[in-house]
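Peer 1: Once you've had a glance at the structure underneath, I'll fire off some questions.
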Amino acid sequence: MRKISLLFSFFFTLFAFAQDDYKGYYITESGEKVNGFFEFYDFFKTEKLKFKKSGSGEFSPLPKDVVEYGIDEGKQKFEKHIVETDMLGDKTYSKDPQLSSRALFLNVLVKGKASLYSYTKDYNTFFFLSNTSIKQGAVEQLINRKYLLPEGKTVDSPTYRRQLYNLVKCEGQQVSDFITITYDKDAIVGVVKKYNECSGSKSEIFSLNSRKEFAYSFFAGVHYANMGISYYTPAVADESSLTFSAGAEAAYIFPNESWELYARGEFEPLNYELVDSKDQGYNVLESTFKMTGYAFNFSFGPRYKYILSNRSNIFLECGFGVYQPIGGELEWYTTLYPLNDGIPYRGDNGKYNLATSFALNFGVGYTFNKNYSVAVKYITNRDYMEDVDGSFNTKVGRLGLVFSYRL
């Protein structure tokens, strides 16, 4: 248990130091642009952001007079606007929006003749729109009011569809073209892009191709496996064999895309046989150990990727694994061969059900063509007899070549 606690502490400590600084900038009211690095955080929470001008500097909060900031990775940009907002949510009986003037840092989604922004509060996303040829380019919220009826039923009042029709309709479009537009990012971005195109303006896209937060992979590997027995008298030599495995993995990709946290499940056959003989002077003692069954292996840990291009990288990973036997057994027996050519006879013997084992794993690999990877991976010795009432322990380790395909 102490080993597990230490491993968890190791992983949490590693991630505390693993978060990369984010290259970015901010602009003040005077127009001064300052380049530097943001500390890892939720970039939608402006008041919590910290910035430093050089890699060796100290982080400090953003100045009060910042009107814009951006992060290079992912092409994110935030602008300060004074807007009339309605953010009461769906716990109101009022059908009409309750507007109040506020200064907000809006996440820029599209820039052009028509520009689109978003703002997130309490897990709700609100969209804002401006058109340089209407209302002097003022930014206004697209209202999607949800209100309660007296009987408690929630009703939608999608004012935003009428606003989109008034602000970004192309020539020939009718009100009916906006009736089915949903209040989500992809749908509204599509409307704004279409308007900019039909009005002869280009659309500069920010964070439209949002990064994948999760990635899923399938893999198979061939391994050079080694089995040994410890705390057994007389000592027996290790034996090696080839084995295989297959499984699937899910990985959370951190915003900087250089770090991932993976969790994977894997099936592995446990078919090992170890035979060794010792000359005892008056006979030869042959010890046999046969392990059979399967194991479901679950492991998790951090992975660091050194990005070579948008289609290739070199990665390093480490992790902690739980290895659960399925119908696994270890049969052990001795055979004695008398030196006087007597008849061999069976000595001590036993059969044990394998127990859950824990081990560390390490890997280094290369990703190519974006979705394919090959890696060399090592699992430290696993003891499937740790919680079994036996007189010895097992040491089952492996070094393998693993091929993966990421969806």
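Peer 1: Mind scanning Lys290/Lys395; Lys45/Lys80; Lys45/Lys370; Lys121/Lys194 and naming the pairs with a C-alpha gap bigger than 21 Å? Don't skip to the end; give the middle numbers.
Peer 2: On the way: Lys290/Lys395 13 Å; Lys45/Lys80 13 Å; Lys45/Lys370 32 Å; Lys121/Lys194 28 Å.
Violating the 21 Å Cα-Cα cut-off are Lys45/Lys370; Lys121/Lys194.
Peer 1: Just to be sure I understand, if you calculate log10 I(q)/I(0) by the Debye sum over Cα atoms at q = 0.08, 0.11 Å⁻¹ for this structure, which of [x] -0.66, -0.94; [y] -0.44, -0.82; [z] -0.37, -0.71 do you get?
Peer 2: Among [x] -0.66, -0.94; [y] -0.44, -0.82; [z] -0.37, -0.71, the one calculated here is [x].
Peer 1: May I pose another question? Which residues in segment 332-373 have a backbone N closer than 17 Å to a point placed 7 Å from the Cα of Leu399 along the Cα-to-Cβ line?
Peer 2: The answer is 360-365.
Peer 1: A further question on this structure: What FRET efficiency comes out for the pair Tyr345/Glu386, r = Cβ-Cβ distance, R0 = 35 Å, nearest 0.05? Don't skip to the answer; put the middle values down first.
Peer 2: On the way: r = 32 Å, r/R0 = 0.90.
According to the calculation, E is roughly 0.65.
Peer 1: Given +1 on the Cβ of Lys and Arg, -1 on the Cβ of Asp and Glu, and no further charges, what dipole in debye does the chain carry about its Cα centre, rounded to the nearest 20? Let's see the in-between values first.
Peer 2: Working: 46 positive and 48 negative charges, 376 e Å.
Here the chain has a charge dipole of around 1800 debye.
Peer 1: Given +1 on the Cβ of Lys and Arg, -1 on the Cβ of Asp and Glu, and no further charges, what dipole in debye does segment 261-407 carry about its Cα centre, rounded to the nearest 20?
Peer 2: 1180
Peer 1: Among rounded, prolate and oblate, which fits segment 127-182 when a ≥ b ≥ c are the square roots of the eigenvalues of its C-alpha gyration tensor, a/c under 1.5 means rounded, and a/b larger than b/c means prolate?
Peer 2: Values: a/c = 3.98, a/b = 1.71, b/c = 2.32.
It is oblate, given that a/c is not under 1.5 and a/b is not larger than b/c.
Peer 1: Pulled fully out, how much extra length does the chain show between Phe298 and Cys198, if you take 0.36 nm times their separation in residues and subtract their Cα-Cα distance? Working shown, then result.
Peer 2: Values: separation 100, 0.36 × 100 = 36.00 nm, distance 5.31 nm.
Length gained between Phe298 and Cys198: 30.7 nm.
Peer 1: While we're on this one: Taking only Cα atoms and a 10 Å spring cutoff, compute GNM fluctuations for the chain and point out the largest among Lys64, Lys23, Lys185.
Peer 2: Between Lys64, Lys23, Lys185, it is Lys64 that shows the largest mean-square fluctuation.
Peer 1: Further question: With a point put 7 Å past each Cα toward its Cβ, work out how far Ser30 is from Glu329 in nm, to one decimal.
Peer 2: It is 8.2 nm.
Peer 1: I would also like to ask the following. Which whole-number percentage describes the relative contact order of the chain, with Cα contacts under 8 Å and a sequence gap of 6 or more? Mind dumping the intermediate values first?
Peer 2: Numbers: 930 pairs, mean separation 40.7, N = 407.
Here the relative contact order equals 10 percent.
Peer 1: With a ≥ b ≥ c taken as the square roots of the eigenvalues of the C-alpha gyration tensor of segment 50-196, please select rounded if a/c is under 1.5 and otherwise prolate if a/b is larger than b/c or oblate if it is not? Please report the intermediate quantities before stating the final value.
Peer 2: On the way: a/c = 2.29, a/b = 1.43, b/c = 1.60.
Here segment 50-196 falls in the oblate category.
Peer 1: Continuing with this model, one more query. Could you provide, to the nearest whole Å², the per residue accessible area of the chain with probe 1.4 Å? It would help to have the intermediate numbers written out before the result.
Peer 2: Details: 22220 Å² over 407 residues.
In whole numbers, the chain has 55 Å² accessible per residue.
Peer 1: Short version: what are the Cα gyration tensor semi-axes of segment 266-375, square root of 5 times each eigenvalue, largest first, in whole Å?
Peer 2: Values: eigenvalues 419, 53, 23 Å².
The three semi-axes for segment 266-375 are 46, 16, 11 Å.
Peer 1: Taking only DSSP H segments of four or more residues, each worth -39500 (n - 2.57), what value at 222 nm results for the chain once the sum is divided by all its residues, to the nearest 500 deg cm²/dmol? Numbers along the way, then the final one.
Peer 2: Working: 3 runs with 41 residues, N = 407.
That comes out to -3000 deg cm²/dmol.
Peer 1: Once a ≥ b ≥ c are taken as the square roots of the eigenvalues of the Cα gyration tensor of segment 213-322, is the result rounded (a/c under 1.5), prolate (a/b larger than b/c) or oblate (a/b not larger than b/c)? Could you put the intermediate results ahead of the total?
Peer 2: Details: a/c = 3.53, a/b = 3.00, b/c = 1.18.
Prolate.
Peer 1: Over the residues of segment 168-279, compute the C-alpha Rg and express it relative to 2.2 N^0.38 Å. Walk me through the numbers on the way to the answer.
Peer 2: Values: Rg = 29.4 Å, N = 112, 2.2 N^0.38 = 13.2 Å.
Rg over 2.2 N^0.38 Å, computed on Cα atoms: 2.22.
Peer 1: A follow-up question, please. So if we plug the beta-carbon distance of Ala187 and Asn271 into 1/(1 + (r/R0)^6) with R0 = 51 Å, what FRET efficiency do we get, rounded to 0.05? All intermediate terms of the calculation are to be shown ahead of the outcome.
Peer 2: Values: r = 54 Å, r/R0 = 1.07.
Taking R0 as 51 Å, the efficiency between Ala187 and Asn271 is 0.40.
Peer 1: 7 Å from Cα along Cα→Cβ at both Lys53 and Thr125: what's the point-to-point distance in nm?
Peer 2: Here the answer is 3.6 nm between the modelled labels.
Peer 1: Grab the beta carbon distance between Ser241 and Phe40, set R0 = 35 Å, and tell me the FRET efficiency rounded to 0.05.
Peer 2: Details: r = 45 Å, r/R0 = 1.28.
Once the sixth-power term is evaluated, E becomes 0.20.
Peer 1: Round to the nearest 10 and report in Å² the accessible area of Ile134, as given by a 1.4 Å probe over the protein chains' heavy atoms.
Peer 2: Roughly 50 Å² of Ile134 is accessible to a 1.4 Å probe.
The values are calculated or read from the model by the stated rules, or taken from the named source; none is laboratory data. Quick caveat, the model's predicted, so the values are computed rather than measured. In this analysis, Cβ positions are derived from the backbone assuming ideal geometry, glycine residues included, and neighbour counts consider all displayed protein chains. Accessible surface areas use protein heavy atoms only, side chains included; no ligands, DNA or RNA. Shrake-Rupley method; radii C 1.70, N 1.55, O 1.52, S 1.80 Å.
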